[in-house]
Amino acid sequence: MSKSALKNGRRAKLWDSVWTHALIALLALIWLFPIFWMILRSFSDVPGVATSSFWPERLTLSNYTGLFEKTNRVMFVNWVSNTLWIAAANAVMSTVIALGAAYALSVFRFKMRKPFMNIALVLGMFPGFMAMTAIFLILNLLKLIDQPVSLLVVYASGAGINFFVAKGYFDTLPVSLEEAALVDGATQFTIFVKIILPLSKTIIIYTAMLAFMMPWTDFILAGLILVSPERQTVAVGLYGMTDEFSISRYFAMFTAGCVLVAVPIVMLYISLQRFMIMGISAGAVKG
């Protein structure tokens, strides 16, 4: 290859890299702009949504401090505490159920195994809101409407269908480990608890992380079930501050609440990001 051809190839590769990084930077700016605007509005002294300029004329912390002053419209501490215990309980229950279902489908061979997996795959393709009416009617018959524990019941009840990633991870573990333990007299439950789970730290954190984040981001189901303001989750409570009667008074406080809610989730995701990536890649090896 001539020097001119080599030089032209390097130049073309350089321009490809420049255009690629420029496009990524542009997309990042577009994605970050609403977040940056929301952070600015959370420090604005204008309570409503309408402002005369992009930059706040005066910065204030009153929107953040106002969230912790309980009123008939603002119950931020209640919302966060409700969401926190539901998220923590859901992380534990959903992780146990999902990993148990994944291990059973990975290890045991029974007659309805493949049909069950196919049914679960098809059901997972349907949007969750399609079942909202049926869920509401069932919870209403059980007198569980406006009860935060009903959210936990619904979340945990559907956890078993999210077994595909964990099953793919369990499929990659050596079968010889289980065979050796069975020869030594260990039960299947002992093998799962003392051998499989210690080797599955990545997939446990991945499953628990997704289960923990669900109550923080879920609005449709929580908004349908929880009615009383003091029993609502943080997503429903904050959204209620933006209705037509409250947005002119509480919009800046709403953005402050969004920032406070987002910070711990972002920090948690950053600290556990490598486990999330490893969990997805490990579970994608086998289906």
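The values are calculated or read from the model by the stated rules, or taken from the named source; none is laboratory data. For clarity, every value in this text was computed on a predicted model and none was experimentally measured. Using ideal geometry, Cβ is built from the backbone for each residue, glycine included, and neighbour counts are taken over all protein chains shown.
Miscellaneous remarks
- Residue ID - farthest from residue 37 (Cα to Cα), chosen from residues in the range 247-258 that are surrounded by 17 or more Cβ atoms within 10 Å (Cβ to Cβ) and touching a residue at least 40 places away in the same chain (Cβ under 8 Å): 250
- Of 154, 122, 77, 96, all but one fail to be in the same structural domain as residue 223 (by TED's automatic domain parsing) and in contact (Cβ under 8 Å) with a residue 40 or more places away in the chain; the exception is 154.
- Residue identified as within 18 Å of residue 259 (Cβ to Cβ), modelled with pLDDT of 85 or more and in the same structural domain as residue 163 (by TED's automatic domain parsing) among 234, 227: 234
- Among the candidates 203, 220, 265, the residue that is touching a Phe, Trp or Tyr at 6+ places or on another chain (Cβ under 9 Å), surrounded by fewer than 17 Cβ atoms within 10 Å (Cβ to Cβ) and in contact (Cβ under 8 Å) with a residue 60 or more places away in the chain is uniquely 220.
- Tally of residues being under 30 Å from the mean Cα position of the chain (by Cα) and not in a helix (DSSP H, G or I) across the range 162-195: 3
- Residue 198 vs. criteria part of a helix (DSSP H, G or I), modelled with pLDDT of 85 or more, crowded, with 16+ Cβ neighbours inside 10 Å and not hydrophobic (A, V, I, L, M, F, W, C): no
- Filter result for residue 130 (surrounded by fewer than 18 Cβ atoms within 10 Å (Cβ to Cβ), farther than 27 Å from residue 189 by Cβ and assigned by TED's automatic domain parsing to the domain that holds residue 213): yes
- Candidates 50, 91, 25, filtered to the one that is within 28 Å of residue 211 (Cα to Cα) and either among the small types (Gly, Ala, Ser) or under 26 Å from the mean Cα position of the chain (by Cα) (or both): 91
- Any hit, the range 105-127, residues being at pLDDT 85 or above, buried (at least 16 other Cβ atoms within 10 Å of the Cβ) and under 21 Å from the mean Cα position of the chain (by Cα): no
- Test: residue 51 is modelled with pLDDT of 90 or more, hydroxyl-bearing (Ser, Thr, Tyr) and touching a helix residue (DSSP H, G or I) at 6+ places or on another chain (Cβ under 8 Å): no
- Restricting 266, 259 to residues that are at pLDDT 85 or above, in a helix (DSSP H, G or I) and in the same structural domain as residue 78 (by TED's automatic domain parsing) narrows the list to 259.
- Flag for residue 56 being touching a strand residue (DSSP E or B) at 6+ places or on another chain (Cβ under 7 Å) and more than 22 Å from residue 209 (Cα to Cα): yes
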